[in-house]
Structures are given as structure tokens and as C-alpha cells.
Amino acid sequence: IMNKKVFLIGMMGAGKTSIGLALSKIVGMSFLDVDNLIGSDNYILKNGIEEFRNIEEKELLKIDSLNKDLIISVGGGAILSSLNKEIMKKNYCIYLEASMHILLDRVSNQDVFRPLIQSQRNGHINIDVFTELFNDRAQIYHDIADLVINTNNQTIVDSAQIIKEKLIKNEIIN
């Protein structure tokens, strides 16, 4: 691969942003968080989820055409678009997996507004909606991942370190 792009996928709370940041530091690659790039929470509130998905596709196309090595974390639902799936599959894709109760636990303890499962900032998390998202997406994450890393009982740094070793072993980085 000319330019190495490593995508981190998974549910909200999986650790895409924090592990992505840690990984970028230990392998010396730049990190991009697509949700932060777009300002996803406010964007979804203002323009709705459909419009957000369109913007997300545009951002991924831009990222794909960038002439540099990158670690990219994408929103949990980025995998629902066939265009995004194509982009991620032609690069290298890592699924950060975690069990549902751990994800819920992490999400409940984070001061992050998640419009898909909360009606307001610091609002109650809709567990039914979360469960449905989890069940709808788990198989898709598995299908497009080149590598699955379970983050259940691991620190951010441990997960990043394991990913680094796998990337070297699979000759994605040297």
C-alpha cells in the first residue's frame, strides 16, 4: 500500500478515539477523528442523521484521497454506508470490540453527548436503542475488519500496544 490508512471501527464506547490517539503516538502516525472533524453531536442535532451520514461519506472520500499515512477513527455508524465500507476495506480496518455491558458502562461514565441514544446532554441513555444498534452492527464490524481487538478488560495503552504489534506483524507498518 502506498499510503497506509488504518481505520478504527466499533460501537460508541469501544475506545476508537482514545485508542486511536494512543496508537498514533506510539507508531508516529497522524490521527484523525471523523466525528470531531464534523462536530457530529451538534451536526446531528441541527441537520439530522441522514445529512450527517452524507457529510461523513464526503469526509471519508477526502481522507481516502489524502497522500499520507493516517490512523482514522470513524463514528459507530460509518459502516452502514456501502461507500464507506469500500473505502475502509481497501485500506486496513480494525474492529475494537467490547461486550455490550462494558460499552454501556463506558458510555454512561463519559461526558459525551450521543444524540442517537440520548435525547439531551447528560440525559438518560436509551438502552433499548443501544442494544438495537449493537445487534444491527456487530456482524458488519466483523465482516469488514482485517483485525478484531477485544478491549473489554484492557487499558487504552495496552490495546494500542497490541494493535501496534499486530500492525508490524501484518506488515502494515514497519
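The values are calculated or read from the model by the stated rules, or taken from the named source; none is laboratory data. Please read these numbers as outputs of a predicted model, since none were measured by experiment. Glycine gets a Cβ as well: all are built from the backbone with ideal geometry, and neighbour counts include every protein chain shown. Note: areas computed on protein heavy atoms with side chains; ligands, DNA, RNA excluded. Shrake-Rupley method; radii C 1.70, N 1.55, O 1.52, S 1.80 Å.
Observations on the model:
- Restricting Asn150, Asn122 to those that are at positive phi and not charged (D, E, K, R) reduces the list to Asn122.
- Residues of region 116-152 that are in a loop (DSSP other than H, G, I, E, B) and either within 16 Å of the chain's Cα centre (by Cα) or surrounded by fewer than 16 Cβ atoms within 10 Å (Cβ to Cβ) (or both): Leu116, Ser119, Gln120, Arg121, Asn122, Gly123, His124, Asn126, Ala145, Asp146, Thr151, Asn152.
- Number of positions in region 71-88 that are within 14 Å of the chain's Cα centre (by Cα), farther than 10 Å from Glu57 by Cβ and outside any loop (DSSP other than H, G, I, E, B): 7
- Test: residue in region 32-44 that is of a type outside the set (Val, Ile, Thr), in contact with a strand residue (DSSP E or B) (Cβ under 8 Å, 6 or more places away or on another chain) and open to solvent by 20 Å² or more (accessible area, probe 1.4 Å): yes
- The number of residues in region 48-88 being free of Cβ contacts under 8 Å to residues at least 12 places away in the same chain, closer than 23 Å to Glu132 by Cα and open to solvent by 50 Å² or more (accessible area, probe 1.4 Å) comes to 4.
- Test result for Ser159, closer than 30 Å to Ile173 by Cα, part of a helix (DSSP H, G or I) and not hydrophobic (A, V, I, L, M, F, W, C): yes
- Output for region 89-113, where each listed residue is among the aliphatic types (A, V, I, L, M) and either in contact with a strand residue (DSSP E or B) (Cβ under 6 Å, 6 or more places away or on another chain) or outside any loop (DSSP other than H, G, I, E, B) (or both): Ile94, Leu96, Met100, Ile102, Leu103, Leu104, Val107
A quick yes/no check of all residues on (1) aromatic (Phe, Trp, Tyr); (2) within 23 Å of Ile63 (Cβ to Cβ); (3) touching a residue at least 12 places away in the same chain (Cβ under 8 Å):
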| site | (1), (2), (3) |
| --- | --- |
| Tyr92 | yes, yes, yes |
| Leu104 | no, no, yes |
| Ser119 | no, no, no |
| Glu132 | no, no, no |
| Ile162 | no, no, yes |
| Ile172 | no, yes, yes |
